[in-house]
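The values are calculated or read from the model by the stated rules, or taken from the named source; none is laboratory data. In this text the structure is predicted, and so the values were computed from the model without any measurement. Ideal geometry is used to build each Cβ from the backbone, glycine not excepted, and the neighbour counts take in all protein chains shown.
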Amino acid sequence: MVDAHPSHEPVAPALVEVSGLSLPAAITHLPRPDPYLNVEDYEPEADAMALNMGPQHPSTHGVLRLKLFLDGEICFKAVPYVGYLHRGVEKLLENRTAIQSVPYVDKNDYVSPLTGELALVMAYEALLDVEPPPRAQVLRTILMELQRIASHHLWLGTFCLDMGGALGGGSSVFLYNFRERELILDLLEALTGQRMHYNALMVGGNRHDVPPGWEEKVLATMDRVEDRLAEYEAMTVDNHIFRSRTVGVGVLDPLLALEAGAGGANLRASGVDHDLRRDAPYAAYGQVDVRIPVETAGDCYARFLVRIAEMREAIRIVRLLVSGIPEGPIGALKPPRHVNAVKLPPGEVYVGIESPRGELGTYLISDGSPIPVRVKIRPPSLHAVSLLPYLCVGATVSDIVVILGSLDPILGEVDR
Amino acid sequence: MPDDVLALFRTRLGLEEVPPEGPFVPPETLPDIVAALKEMGFLLFLYCAATHWPATENRPEAFTVAYGLRRPGPGSSTARLRVRIPADGSIPTLSGLFAGADWQEREQYDLVGIHFEGHPDLRRLMLPEDWEGHPLRKDYAIDTHHFPWR
Amino acid sequence: MSRVLDALRMIWEIGWLRGLVVGFVTLTVVMLIAAFTIWFERKWSGRMQNRPGPTERGYGGWLQIFADFFKLLQKENLTPTATDRRLFDFVPPIVVFVVLSSLAVVPYVPQGPAADASVGVLLALAISSLMVFPVWAAGWSSNNKWALLGAMRAVAQSISYEIPLVLSALVPVILAGSFRLTEIVGAQADWHWFAFWPPGPGLAAFVLFYLSSLAEANRIPFDIPEAESELVAGATTEYGGMKFGMFYLGEYVHTFVASSLAALLFFGGWEGPGPDGLHWMLAKALILTASVIHVRWTLVRYRSDQLLRLCWTYFVPAALVLVFAAGLWRILAGGLA
Amino acid sequence: MAVDETSRTFVHPLYGWLEKIPGLSVGLTTADAVLSWGLEHSLWVFPMATSCCGIEFMATMTSRFDMDQFGTFTRPTPRQCDVMVVAGTITVKMAPRVKRLWDMMPEPRWCVAMGSCAISGDFYRNLYAVVPGVDTFIPVDVYVPGCPPAPDHVHAGMHVLMEKIRQVRKGTFRPNADPAAREGLLRPSIPRIGDPDRDPALSRAQAEAAFRMDPGCQVTPRSEDERDVP
């Protein structure tokens, strides 16, 4: 059993240079399994079993279907099937104006709706060349970070649920996490009036201003959430079973992660020091010095550590910003009177932001009419799921559940 | 876009001016240029977005496919390029270069109906395998019925 | 009145009739205990997770289990067509039969109600280890891959954990010099509970026994045959209605019986301060059952290969050492006399 | 399998036996009251969670709201469940699977449509890939509106379902059969179950499609109950 107790001193890993990037040598250039393997070619005498996992399975995080080819309980080929939640958002956005389209992207990444909104709204703003006022920018940043904490809470809960079952210790961690997630949802509800699907942003600014006393509530909640983080660590980091289930499981080659387009904690856990909040700042991230946690082991445990560190960092950013929200308007444009109020100039833009799952981008083509010609949403979860054929090979069914959970895919975003 | 990318586009494509949304690249040189970009550190595959342009008086039916790559790390930058192909044309696949292009191309094949030449596993990604038509084409009605479910 | 009593006494004299009555009462009581264990588990886990648990039906929700029972009774008796029908329908009663029949050799008071077999320990363990057969048959007959995987895991796990279970049960046997459960309890008189006396091997043997019986009863962290986040519901995936109800009940009876056995072997059974008797035995068994529940809602589960490695590389050697140590203690302490 | 959705009554074979014993009517009514009570207050949920509503449904199970108060918890397999909570958008690709999972549930069973996507498709209802409401292929007992409904709304929905079960068992339940109530309502492209316009051939086609699945899936069911999902 692999043991990596957190009290061990971290050893600086050997690095290797690849195209100007320093990557941890131990996990770079790992042998890649063939995702297109013909099952017939794999030892024809073996007792292979095709196992259909999903689309309705307790731990596929939605409606992902994984077709696993097992030899005993070891998987030698995994084929993900997606699209069970394909709601044609891109087609719908091609028929909606800038004002109408924000609620649709809420439903893409339903665990962090605000980042989806921001990615779309920023694309329209880049096309229109509109700069939201500073108050809106700072508010957006606070909202993004609150959303990141809530999203990671949900992730940690479901991750442990996958490991410990709905009727067991996993569900305890899950319920504790939801306790804190509810606190953050309360903050967002106080601001926007909704628990999910906030529809809080619009082109040129925000829709909702801060209610009185909100800042103090945010600070109090942040204190509580930070206290409770230590509790989760006691339940996970200090738990030998948790470590033995995650350490060394699902090691992700950073080069593969990059080429596959993975992002967020999946990338940073493999030693790639990349975060758009610091590297291509948007909203008010330029005003804060965002510290990026990076791990070098590349396994599920490293991804877990990165997300926990990101939660702490998000709490710090929220604390930093919430005490100094600048005064002023929250929108750069006049409040729209009708849906065609925003006239789009012709052009093509791409805007990427750092969602809790990686780079969430919007690619927008407009030909001058009120509705865009093409909206392409670049979902980080799609790329995370596309890693499964590489990561699942050689893992047992139990491991596959953990690997899938550690990648944190949201199927609404994968399928759109 | 950063200067080294602009320089690459200028030398490889013989362009004077590179538009900010990316130059048009001939389909046959696409893999070479993307491979060169990958050598230059653009390791993160961002997006592959195909657009259907229905026929008008001025132009025949056509597709554009836009690609985006990102150089990770501090001071991150993107490289963007586009490919224009006729209605019955096809485009070489990038799935050999970027694992992430695999699914993006399958998605574009599914929704827009562009054939990616040399793709090892070009199946529909989002819609059922027996689906007819490509929904993101402009001539596809948004409320198309599908017996017996809608 | 006295006539009635006489008649009752006469019935009592007839051996097989007495057995029938005692058996019926015992089984009813144990099933009720199992049902209330379910209620207790729901309340306890709720308290552990900052929620109240069942509250609406009856005081503290204690009627909830009966609602569940009546509901399960009325569900459609569903046998999927692709299953091995006869085996599929046959398995749930077998589960209940196996877990209840192990009660035949687990005494709760010195006089019974169980048969005081001369190899009681072995018999109890042997019967409870039969549980693997219905679980395996359930997985096999369901014609479902998840059920099959669960069943295969159950077989691998049960076979492995049998060994440390029996070896650790041997420690009290060696210390007491008898396989008879009443004699083992008798040897623990005057507070010489084997969990604490001799210091060291007894407690270690209890921990091994406890963990192995967790594995035998498929409880977290060793519940890989069920593993509802991986294998949907394991071997019981295809079972619904009362058939599932039997599995559900059997699981809790199994836990209770294993706890009773641990109480007998390591905690002096019905011995205790004040008058000895059933109350001490039940209290000990219930406390052990509650601890099983507490562990279940605290830990996450092992992977199957880690589970087996844990058994073969730690538990089995440790159990062997403990058996040796118990023998040594017996010789050195002059217990052979 | 053609499911006759309009007359979904399930009589346990036990009742037929009991009715033959004379003088049991008093006992039977008491027993029936007890059994109804059990049926009503032990609703195990199969969470057909596909999207955003699934997250809110998860929140419904958590400590602040806690469905276990009235004896409701989730089971991962449809065989052990009484209520299917359809939480989220159902797409054309997913619909056969939902239908099949519904067919796998033992009677008596109920369906709760949670959220506006499950009720009518919401603002996706005119989209090529989305089913306009789950009641176009499975009978729905309770609708919980909202996008997504807050957890307390789901609680209220479960209590409404309990009330409905009580009334159905007592025989006092009267569905709103007034055709005037349907006047002016937006109707989906497929007639809902219970709609007089609904063609029985449609139910048959849906039931068949539920076992055909998609061709790439390589599932060749031997019979209606052969399963590869979940």
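Suppose the filter is within 14 Å of another protein chain (Cβ to nearest Cβ), assigned to a helix (DSSP H, G or I), within 23 Å of A:Cys75 (Cβ to Cβ) and at pLDDT 85 or above; does C:Ala151 pass it? Yes; evaluated as a whole, the condition is true for this residue.
Among the residues of segment C:179-200, is any surrounded by 21 or more Cβ atoms within 10 Å (Cβ to Cβ), at pLDDT 85 or above, closer than 27 Å to C:Arg296 by Cβ and among the aromatic types (Phe, Trp, Tyr)? Scanning segment C:179-200 turns up no residue that is surrounded by 21 or more Cβ atoms within 10 Å (Cβ to Cβ), at pLDDT 85 or above, closer than 27 Å to C:Arg296 by Cβ and among the aromatic types (Phe, Trp, Tyr).
Kindly indicate whether A:Ser355 is under 30 Å from A:Asp223 (Cα atoms) and touching a helix residue (DSSP H, G or I) at 6+ places or on another chain (Cβ under 9 Å). Taking the combined requirement at face value, the residue satisfies it.
Could you tell me whether any residue of segment C:39-61 is β-branched (Val, Ile, Thr) and part of a helix (DSSP H, G or I)?
No; the residues of segment C:39-61 include none that is β-branched (Val, Ile, Thr) and part of a helix (DSSP H, G or I).
Kindly evaluate D:Val134 against the criterion of being buried (at least 19 other Cβ atoms within 10 Å of the Cβ) and over 18 Å from D:Met61 (Cα atoms). For D:Val134, the condition - buried (at least 19 other Cβ atoms within 10 Å of the Cβ) and over 18 Å from D:Met61 (Cα atoms) - is met. Being within 14 Å of another protein chain (Cβ to nearest Cβ) and either in contact (Cβ under 8 Å) with a residue 60 or more places away in the chain or not acidic (Asp, Glu) (or both) is the requirement here; does A:Gln194 meet it? Yes, satisfied. The combined condition, being within 7 Å of chain D (Cβ to nearest Cβ), in contact with a Phe, Trp or Tyr (Cβ under 8 Å, 6 or more places away or on another chain) and within 30 Å of A:Leu175 (Cα to Cα), is not fulfilled by C:Glu76. Note on segment D:24-46: residues that are more than 12 Å from chain C (Cβ to nearest Cβ) and either more than 21 Å from C:Met242 (Cα to Cα) or part of a helix (DSSP H, G or I) (or both) total 7. Is it the case that some residue within segment C:307-319 is touching a Lys or Arg at 6+ places or on another chain (Cβ under 9 Å) and of a type outside the set (D, E, K, R)? Within segment C:307-319 (the criterion being touching a Lys or Arg at 6+ places or on another chain (Cβ under 9 Å) and of a type outside the set (D, E, K, R)), the answer is yes, since at least one residue qualifies.
Could you please find all residues in segment D:47-86 being polar (S, T, N, Q) and away from chain C (no Cβ under 11 Å)? Matches in segment D:47-86: D:Thr50, D:Ser51, D:Thr60. It is to be established whether one or more residues within segment C:47-60 are in contact (Cβ under 8 Å) with a residue 40 or more places away in the chain and either within 17 Å of D:Ser42 (Cβ to Cβ) or not charged (D, E, K, R) (or both). Yes, because at least one residue in segment C:47-60 is in contact (Cβ under 8 Å) with a residue 40 or more places away in the chain and either within 17 Å of D:Ser42 (Cβ to Cβ) or not charged (D, E, K, R) (or both). Residue pairs whose Cβ atoms lie under 7 Å apart, sitting 6 or more positions apart in sequence or on different chains, and linking a residue in segment A:385-398 that is within 18 Å of B:Met126 (Cβ to Cβ) to a partner that is of a type in the set (Asp, Glu), are A:Ser386/B:Asp102.
Give the residue that is nearest to the chain's Cα centre (by Cα), with candidates limited to residues of segment C:79-114 that are assigned to a loop (DSSP other than H, G, I, E, B) and more than 14 Å from chain D (Cβ to nearest Cβ).
Looking only at segment C:79-114, we keep the residues that are assigned to a loop (DSSP other than H, G, I, E, B), and these are C:79-84, C:106-108, C:110-111, C:113-114.
Pick out the ones that are also more than 14 Å from chain D (Cβ to nearest Cβ) and you get C:106-108, C:110-111, C:113-114.
Values: C:Val106: 11, C:Pro107: 14, C:Tyr108: 14, C:Pro110: 20, C:Gln111: 21, C:Pro113: 17, C:Ala114: 15 Å.
The qualifying residue nearest to the chain's Cα centre (by Cα) is C:Val106.
Filtering segment A:400-413 for residues that are surrounded by 21 or more Cβ atoms within 10 Å (Cβ to Cβ), within 11 Å of chain B (Cβ to nearest Cβ), assigned to a loop (DSSP other than H, G, I, E, B) and on the phi > 0 side of the Ramachandran plot leaves an empty set. Within the option set C:Arg47, C:Arg42, C:Arg51, being in contact with a Ser or Thr (Cβ under 7 Å, 6 or more places away or on another chain), of a type in the set (Lys, Arg) and not assigned by TED's automatic domain parsing to the domain that holds C:Leu299 holds for one residue only, C:Arg51.
When you scan segment B:26-40, do you find a residue that is away from chain A (no Cβ under 12 Å), more than 28 Å from A:His29 (Cβ to Cβ), in contact with a Pro (Cβ under 8 Å, 6 or more places away or on another chain) and not in a helix (DSSP H, G or I), even just one? Within segment B:26-40 (the criterion being away from chain A (no Cβ under 12 Å), more than 28 Å from A:His29 (Cβ to Cβ), in contact with a Pro (Cβ under 8 Å, 6 or more places away or on another chain) and not in a helix (DSSP H, G or I)), the answer is no, since none of the residues qualifies.
Taking segment A:39-59 as the range and being surrounded by fewer than 23 Cβ atoms within 10 Å (Cβ to Cβ) and within 14 Å of chain D (Cβ to nearest Cβ) as the test, the residues that pass are A:Val39, A:Glu40, A:Ala48, A:Met49, A:Ala50, A:Leu51, A:Asn52.
Note on segment A:373-384: residues that are assigned to a loop (DSSP other than H, G, I, E, B) and surrounded by 24 or more Cβ atoms within 10 Å (Cβ to Cβ) amount to 1. Does segment B:76-87 contain at least one residue that is over 17 Å from the mean Cα position of the chain (by Cα), at the interface with chain A (Cβ under 8 Å from one of its Cβ atoms), among the polar types (S, T, N, Q) and closer than 30 Å to A:Pro31 by Cβ? For segment B:76-87, residues over 17 Å from the mean Cα position of the chain (by Cα), at the interface with chain A (Cβ under 8 Å from one of its Cβ atoms), among the polar types (S, T, N, Q) and closer than 30 Å to A:Pro31 by Cβ: present.
Of everything in segment C:12-67 that is within 14 Å of chain D (Cβ to nearest Cβ) and among the aliphatic types (A, V, I, L, M), the residue that is nearest to D:Ser63 (Cα to Cα) is C:Met48.
Yes/no matrix, rows are residues, columns are (1) within 14 Å of chain C (Cβ to nearest Cβ); (2) modelled with pLDDT under 90; (3) more than 29 Å from D:Pro200 (Cβ to Cβ):
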{"residue": "D:Arg100", "(1), (2), (3)": "yes, yes, no"}
{"residue": "D:Ala113", "(1), (2), (3)": "no, no, no"}
{"residue": "D:Asp122", "(1), (2), (3)": "no, yes, no"}
{"residue": "D:Leu127", "(1), (2), (3)": "no, yes, no"}
{"residue": "D:Val160", "(1), (2), (3)": "no, no, yes"}
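Every test in (1) farther than 22 Å from A:Leu37 by Cα; (2) touching a Ser or Thr at 6+ places or on another chain (Cβ under 6 Å); (3) of a type in the set (D, E, K, R); (4) surrounded by fewer than 19 Cβ atoms within 10 Å (Cβ to Cβ) is passed by B:Asp130 save one, and that test is (2). Could you check, for segment A:243-257, whether at least one of its residues is at positive phi and either touching a residue at least 12 places away in the same chain (Cβ under 8 Å) or not in a loop (DSSP other than H, G, I, E, B) (or both)? Yes, segment A:243-257 has at least one match.
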